[in-house]
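One structure follows; several queries about it will come next.
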Amino acid sequence: MILVQCVNSKRDTAAPAKDLYDSTYFDVMRRYAEATQDNWRILSAKHGLIHPETEIEPYDEFGLSNEQAASIATTLATAGINHVEVIAGKKYTNPLTPELEEHGIDVLELCRGMEIGNRISRLQTLSREKENCTL
């Protein structure tokens, strides 16, 4: 499963979560997630773990709380998820990664320590590679 963070830039009206976030960074994360597999979720600062098709209203929050991270880890472990790729900054990964690992979930932080520009570049390259493999 792939987990991507939400972003601050959002549309003005309710939309499916995958369409609510309005930024190049989110578009690149989404493209990578969709090119890699169908099973991906969004780490929402307001809603926690959210399915991309779930319609939500715009909000103005950022990062995950310790409580959200614990809930997300429990939800994924209960669903039998044992490996995740996380594409997110430290305001998401710092609380989430330890919780996931405590629940026996293997975590790969794809862009750990990278600035946004480097994340975008790396994800664009990885997406092209994935898309070329499926042709």
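The values are calculated or read from the model by the stated rules, or taken from the named source; none is laboratory data. Bear in mind the structure is a predicted one, so any value in this text is a computation, not a measurement. Note that each Cβ is placed from the backbone with ideal geometry, even for glycine, and that neighbours are counted across all protein chains shown.
Could you look through region 34-72, keep only residues that are among the polar types (S, T, N, Q) and under 24 Å from residue 124 (Cβ atoms), and pick out the one that is surrounded by the most Cβ atoms within 10 Å (Cβ to Cβ)? Full working, then the answer.
Filtering region 34-72 down to residues among the polar types (S, T, N, Q) leaves 36-37, 39, 44, 54, 65-66, 68, 71.
With the extra rule that they be under 24 Å from residue 124 (Cβ atoms), the set shrinks to 36-37, 39, 44.
Details: 36: 17, 37: 11, 39: 10, 44: 22.
Taking the candidates together, the pick is 44.
Suppose we filter 128, 119 for residues that are under 14 Å from the mean Cα position of the chain (by Cα) and farther than 16 Å from residue 48 by Cα; which single one remains?
119
Matching residues to (1) of a type in the set (S, T, N, Q); (2) touching a helix residue (DSSP H, G or I) at 6+ places or on another chain (Cβ under 8 Å); (3) modelled with pLDDT of 95 or more:
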| residue | (1), (2), (3) |
| --- | --- |
| 64 | no, yes, yes |
| 82 | yes, no, yes |
| 95 | no, yes, yes |
| 101 | no, no, yes |
| 107 | no, yes, yes |
| 111 | no, yes, no |
| 114 | no, yes, no |
| 124 | yes, yes, no |
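If you don't mind, there's one more thing I want to ask. Which residue pairs have Cβ atoms under 8 Å apart, sit 6 or more places apart or on different chains, and have a first residue in region 1-26 that is in contact (Cβ under 8 Å) with a residue 24 or more places away in the chain and a second that is assigned to a loop (DSSP other than H, G, I, E, B) and among the hydroxyl-bearing types (Ser, Thr, Tyr)?
Hits for this filter: 8/23; 10/59; 16/54; 17/54.
Residue-by-condition table, conditions (1) part of a loop (DSSP other than H, G, I, E, B); (2) under 17 Å from residue 101 (Cα atoms):
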site	(1), (2)
8	yes, no
13	yes, no
18	no, no
52	yes, no
80	yes, yes
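Another question about this same structure. Can you confirm whether residue 31 is under 10 Å from the mean Cα position of the chain (by Cα), charged (D, E, K, R) and surrounded by 14 or more Cβ atoms within 10 Å (Cβ to Cβ)?
no
Please go through region 1-60 and give me each residue that is touching a Cys at 6+ places or on another chain (Cβ under 8 Å) and of a type in the set (S, T, N, Q), ordered by number.
44
From the list 96, 100, which one is within 13 Å of the chain's Cα centre (by Cα) and in a helix (DSSP H, G or I)?
96
Which condition does residue 84 not pass, out of (1) more than 24 Å from residue 15 (Cβ to Cβ); (2) in contact (Cβ under 8 Å) with a residue 12 or more places away in the chain; (3) outside any strand (DSSP E or B), if it passes all the others?
With (1) more than 24 Å from residue 15 (Cβ to Cβ); (2) in contact (Cβ under 8 Å) with a residue 12 or more places away in the chain; (3) outside any strand (DSSP E or B) applied to residue 84, the lone miss is (3).
Right, here's the next one. Exactly one condition in (1) part of a helix (DSSP H, G or I); (2) touching a strand residue (DSSP E or B) at 6+ places or on another chain (Cβ under 7 Å) is not met by residue 107; state its number.
(1)
Ok, one more. Determine which member of the set 112, 122 is assigned to a loop (DSSP other than H, G, I, E, B) and surrounded by fewer than 19 Cβ atoms within 10 Å (Cβ to Cβ). Break it down into steps so the answer makes sense when it comes.
Working: 122 fails: assigned to a loop (DSSP other than H, G, I, E, B).
The match here is 112.
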